[in-house]
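Heads up: the structure comes next, in structure tokens.
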Amino acid sequence: MTTRNTLPTTITVVFLLQLIILPSMAQITWPSGQLLPSFPASASTQDLITLRETSTHWEAEGSSLGHNTGRLETDGWLCQTGIDAANQHMIYGPYNTTIPAGPNVAEFRMKIDNNTANNDPIVDIDVRNATTGQILAMQTLTRQQFPVAGSYTNFTLPFNMPADNQSLELRVYWRGTSYTKVDWVGVQQNGSSAEMYLFASLKGIVNRTQPRIFSYEGDAFAEGPYTWLQSLGLSWTEPADKWTLITKYRSELAGLIVYDPAQIHTVNLATVLAKDRQALIASPALAARLTAAPYNLPVVLDLRGQFTSKLQVYQALYNNYWSGLDHRLLIGLNPEVHKAAAREYAVALGAAVIWLDPNVAAESTLLNSFLSSMTSGACFMGWWPEEEPGVTRASTYGIATVASDFATNLTVHSGMPRTVNTKPIPPKPVLQNKLYVAFILSDGDNLQYVEHLMRKLWSNPDRGSVPIGWTLSPAMLDAMPGALNYYWQSSTNNDNLISGPSGYGYAYPNNWPIQSLNQFVAKTEDYNRRAGLRVVTIWNTITGGINQNVGQSFANHAPTLLGLTAQNTGGGLTIYNQSLPGMALSCNYCTNEQAMKDHISSASSGWNGTSPRFIIIQAQPWQNVTPTSFKNVANSLGADYVVVRPDHIFQLIREANGLPVDPGANLGQDITNLGGTVSAQYQADSPAGEEYTNLVDNNTNTKYLTFHASAWTQYQAASPYVVTRYTITSANDSPERDPLLWTLQGSTNGTSWTTLDSRSNEDFPSRFQTRTFNFTNSTPYTYYRLNMTNNSGSILQLAEIELFGISPSASRLQAPVVRTTQPSETYELAVYPVPSSDELKVLGLTAKAEITVCDLAGEQVIGKTTLLPERSSVNIKALKPGMYVLHIISGEEQKTLRFMKE
């Protein structure tokens, strides 16, 4: 590609001088193994600006517009099936002649009452030049293109006005297939759209060295302009004119990249190039203003006239720039829609930005070129032209999608403190023969939802009145740590934070490459553990179940998980590797209260009260499902129902099936977070900022360095703990300083030491790499000491140490589940052997008893059978392997026992 660079020689000298005098500031860091980068600490006072496209609106019921069908209703113009004439224009006009020549965007604000019944065409929208009769743009909108039922949605239609002073007509042609109401139609003037690109790039350039600009771009789903600033403890100032910020930060800017309005995808190319050129993204119209006083910004790159197609733009990006970019991240943004929002984050990182459709052959081929060259564990951020094809394609390459296209302040959120203080799970309810119901609110994998609509729902006055599972993205540990900590700290005991689909990012694990599935699960476990998330919602499309190999991978590599949900509605319970329950949802995407009630009723059908039954309802938030909705549904349920948290329902499922109720408890928690004291053999020779206290600060970007080849570090806990696992994280540079060999010792008094674990010839291939080491130990110690020797040279350094343990009292409670092959000496009713294969013996019978056996769905698999004390065995040879429930009635005594058939 030959670029047209209009930078004169004299201006080049100024540009270089500006680069020389730019202030020295912090930089973005991206440790190896971290999903997303860390930004410098956000400024305590932010410049708050509002970013919105300004437009000229004409009310649907106003005098400027005409109608061939429909009628006025309160705030808009309504057409209803069976009442109004179909196949007519319900809106036309306004014949305005003030729209400037060049690129503009028409807007149509409409709503329908049902967006799920089918996908029929609803309306045709078009832009017509009434002066010439030419149709400038048109589109058919189908039912499912309305993301929300009963609420207005803005649809945009880009068009090019051929000349000034020509008459514009906007039309809505109603097909007669759905209730349709139009609020207004309008035109976004080309200057306001250009400002969105401009100030998104200003945010990215400025915030990459220190986040100082915060924007509010809210719509009906948004949280309010000050909400997050207040929640994060930040102050702000609001400039009267956002253009003054260009002057304020002029010393950090080097020039402009001018995009081509005739090939709008050049905006994405400009986004990629803006960081290295320290350039703002400018339209030709705004460039004239920006090159003049008081800004005097030179044009460093002009993209006009260089591309004739969208594909050509992205092919040039791949051919000329991709090899020099970070292959851990690819971002999808539609330049016609995502004018600001996540664009600031892309600019700050200089990441590759594309908009390629897997369903378009030529675009699909180029997309595959990008995806196939990405590194293991890479992420796709932003969004896709269509959800399922995009997530499927990324999943086949082992790449998770972190939905974030309308996340508006990721640079500021990523610069917040990375400490997240989680809360323990409250005690679960007692297991009874009840109908247990858990509610989940979906879409928390989406960072824009977490930032906007979820924060709005979090303020609902009924939050906390009933248990709710709130899905979140584990990637918030990197992208929004302050927000994650806020949700934890403001949560009630009825707010259960769980992982959105399907782990650290949105993926379809059934499509994941077999060779990297375990790494995806292990990384998810690491992020979930640190984020405090114990349940994962697994999606394999909106209706797919979990393949056996996927469930087994989670069972093997996510040892702290309580359970998985699956999208195959009504698919029942599966226990993977006899250790991890996976439960199909009873409703996978409910849209309202009645749907939830109907699915609960259906899932309860046939329950006879002799065993517990478990029902999980997942609702989506985009159609006004709120905490109040869940409260109303819960209040409608009878006495046989118990509404519980999702983590509790999986603990109850585990108890009902003979599995450990808290599988992560024996791994313990990081005791270095519990108020002990860290010390070191050499405490006085470290450079400033590299002291031994950094070892337990939960920040892998800091380190401890001592000018000795060998040294010990020590942690004194507030009370004794049984430690069985620890981690060591390598520092930022100089691999020769890494620990090569070490011993971990424990002591009850700080003087007598017992060696617990010894390692030699260990390796940390990557910087900031965290490695985990397990060992056997059952003794509680108050002191733990790590004696280390480096690879070579006279300097030892490391970034972080974690010690995972449990208190002695907790270790006594965590007795392992054991196989029993000999009968108990006691006479309480029990079964053996566990597991059983052919014959199950009931112990402790003192009189005649009647028994039945049911599966976990409550279906009877062995009918009523009489047992006697001297003949107390049941033949179970015909049963399939799995968990079963044994019901025993002896006189007036009733007992329910659970057993496993091998």
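For H413, H887, what ranking results if the residue with the fewest other Cβ atoms within 10 Å of its Cβ goes first?
By the 10 Å Cβ count, ascending, the order reads H887, H413.
Run the dipole for the chain about the Cα centre, Lys and Arg Cβ at +1, Asp and Glu Cβ at -1, nothing else charged, and hand back the magnitude in debye, nearest 20.
The calculation lands at about 820 debye.
Order by neighbour count: I425, I257, fewest other Cβ atoms within 10 Å first, most last.
Placing the least packed residue first, the sequence is I425, I257.
Calculate one ³J(HN,Hα) per residue across the range 136-150 by plugging θ = phi - 60° into the Karplus curve 6.51 cos²θ - 1.76 cosθ + 1.60, and present them in order as whole Hz with x for glycine and proline.
Values, residue by residue: 8, 6, 8, 7, 9, 9, 9, 4, 7, 7, 7, x, 9, 8, x Hz.
Obtain the nm distance between the two label points defined at A362 and A688 by a simple spin-label model: each point lies 7 Å from its Cα along the Cα-to-C-beta direction.
5.9
Compute the long axis of helix 548-557 from its Cα atoms, compare it with the longest principal axis of the Cα atoms of the chain, and write down the angle in degrees, 0 to 90, nearest 10.
Value to nearest ten degrees: 80.
Suppose R0 equals 30 Å; then what is the FRET efficiency for S490 and S636 from their Cβ-Cβ distance, rounded to the nearest 0.05?
0.60
Going by how many other Cβ atoms sit within 10 Å of their own, how do S235, S473, S38 line up, fewest first?
S235, S38, S473
Would you please state which residues of the range 842-875 a label at I889 would reach in this model, taking the label point 7 Å out along Cα→Cβ and a backbone N cut-off of under 11 Å?
850-852, 864-865
Provide the packing ranking of 178-184, 793-799, i.e. peptides ordered by the mean count of other C-beta atoms within 10 Å per residue, highest first.
Descending mean neighbour count gives 178-184, 793-799.
Quick one: angle between helix 266-277 and the longest Cα principal axis of the chain, in degrees between 0 and 90, rounded to 10, please.
Here the helix axis deviates by roughly 80 degrees.
What are the ³J(HN,Hα) values, in whole Hz, obtained from phi via the Karplus relation 6.51 cos²θ - 1.76 cosθ + 1.60 with θ = phi - 60°, for each residue of the range 752-759 in sequence order, with x given for Gly and Pro?
These are the phi-based 3J(HN,Hα) values: 9, 10, 10, 6, 9, 7, 10, 9 Hz.
Could you check the simple spin-label distance between L431 and Q27, using points 7 Å along Cα→Cβ, in nm with one decimal?
5.5
Reachable lysines from K880, Cα under 16 Å, same-chain residues fewer than 8 places away excluded?
Here the lysines satisfying the reach criterion relative to K880 are K901.
Under a straight-distance cross-link criterion of Cα-Cα below 21 Å, which lysines are reachable from K310, leaving out those fewer than 8 residues away in the same chain?
K310 reaches K339.
Can you tell me how much longer the chain between I542 and N875 gets when fully stretched, taken as 0.36 nm per residue apart minus their C-alpha distance, in nm with one decimal?
115.8 nm
For semi-axes √(5λ) of the Cα gyration tensor in Å, one of (1) 52, 38, 25; (2) 52, 40, 21; (3) 79, 33, 26 was computed from the structure I shared and the rest are decoys. Which label?
Answer label, from the structure shown: (2).
Extending each Cα 7 Å along its Cβ direction at N118 and S679, get the distance between those two points in nm, one decimal.
Reported label-point gap for N118 and S679 is 7.8 nm.
Using the structure shown, select from K428/K877; K841/K877; K111/K456 the pairs with a Cα to Cα distance greater than 23 angstrom.
K428/K877
Where does helix 514-531 land angle-wise versus the long Cα axis of the chain, in degrees 0 to 90, nearest 10?
90
Looking only at Cα atoms, what is the convex hull volume of the range 322-436 per residue, in Å³?
Considering the Cα atoms of the range 322-436, their hull volume per residue is 183 Å³.
Nearest 500 deg cm²/dmol is fine: what mean residue ellipticity at 222 nm does the chain get from its DSSP H runs of n ≥ 4 alone, each adding -39,500 (n - 2.57), divided by its residue count?
-6000 deg cm²/dmol
Can you find, among T132, G93, Q144, the residue farthest towards the positive end of the dipole of the range 43-201? Put +1 on the C-beta of Lys and Arg, -1 on that of Asp and Glu.
Ranked along the dipole, the leading option is Q144.
Taking R0 as 35 Å, what FRET efficiency do you get between S63 and S251 from their Cβ-Cβ distance, rounded to the nearest 0.05?
The value I calculate is 0.10.
Using alpha carbons only, how many angstrom separate the centre of the range 382-426 from the centre of the range 32-101?
Result: 27 Å between the Cα centres.
Every number here is computed from the coordinates shown, using simple stated rules; none is lab data. These numbers come from a predicted model, not from an experiment. Cβ atoms come from the backbone with ideal geometry, glycine included; neighbour counts cover every protein chain shown.
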